[in-house]
Amino acid sequence: MTQREEVFDSPTGWVADHIRDYVETDGKKGHLWRGVPTLLLTTRGRRTGKLRRSALIYGRSIDAFVLVASKGGARHHPLWYLNLEANPDVEIQVGPDVIKGRARDATDAERPEMWKTMTGLWPDYDDYQTRTSRRIPVVVIEPD
């Protein structure tokens, strides 16, 4: 990821608005969304090679950031998750801080506690899991 590359924000209107507010205010507006912390995740598109940015709820685990690839319980993984599977090098913005990192799935040993942390922040994740037969991934982003 280079400074001069164009970043393409989520095409979903309210998400794009959230991202714009977040970026323009260094996270002062948008870091908290509906009472939960959010970050901006930038991945490289697995097919296009373009940088893609999404706003996501996050939790913390020691020095890492934790995300849930729920897509509201949809049958398929969210595109951002497919992108980081293909290229785990990511950039996140947490408030004013921009951090390079590497994404991975939580291990089987880590997952239960991380899932509990994330459902503590956003209880709907449990409901989303009941809507789909796929195992919703828990993603760990470790700063470089």
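The values are calculated or read from the model by the stated rules, or taken from the named source; none is laboratory data. Everything quoted here is computed from the prediction, not taken from an experiment. All Cβ positions, glycine included, derive from the backbone under ideal geometry; neighbour counts span all protein chains shown.
For the reader, a short list of remarks on this structure follows.
- Number of residues in the stretch 79-93 that are crowded, with 17+ Cβ neighbours inside 10 Å and touching a residue at least 60 places away in the same chain (Cβ under 8 Å): the value is 2.
- Checking MET118 against (1) among the hydrophobic types (A, V, I, L, M, F, W, C); (2) surrounded by 14 or more Cβ atoms within 10 Å (Cβ to Cβ); (3) not in a helix (DSSP H, G or I), the condition it does not meet: (3)
- Candidates in the stretch 17-53 are the residues that are among the aliphatic types (A, V, I, L, M) and surrounded by 16 or more Cβ atoms within 10 Å (Cβ to Cβ); of these, the one that is farthest from GLY95 (Cα to Cα) is LEU51.
- Residue in the stretch 49-72 that is more than 14 Å from the chain's Cα centre (by Cα), at pLDDT below 95 and not in a loop (DSSP other than H, G, I, E, B) present: yes
- Cβ-Cβ under 8 Å pairs, at least 6 apart or on other chains, the stretch 18-37 side closer than 19 Å to MET118 by Cα, far side part of a loop (DSSP other than H, G, I, E, B): HIS31/GLY95; VAL36/TRP122; PRO37/HIS31; PRO37/TYR58
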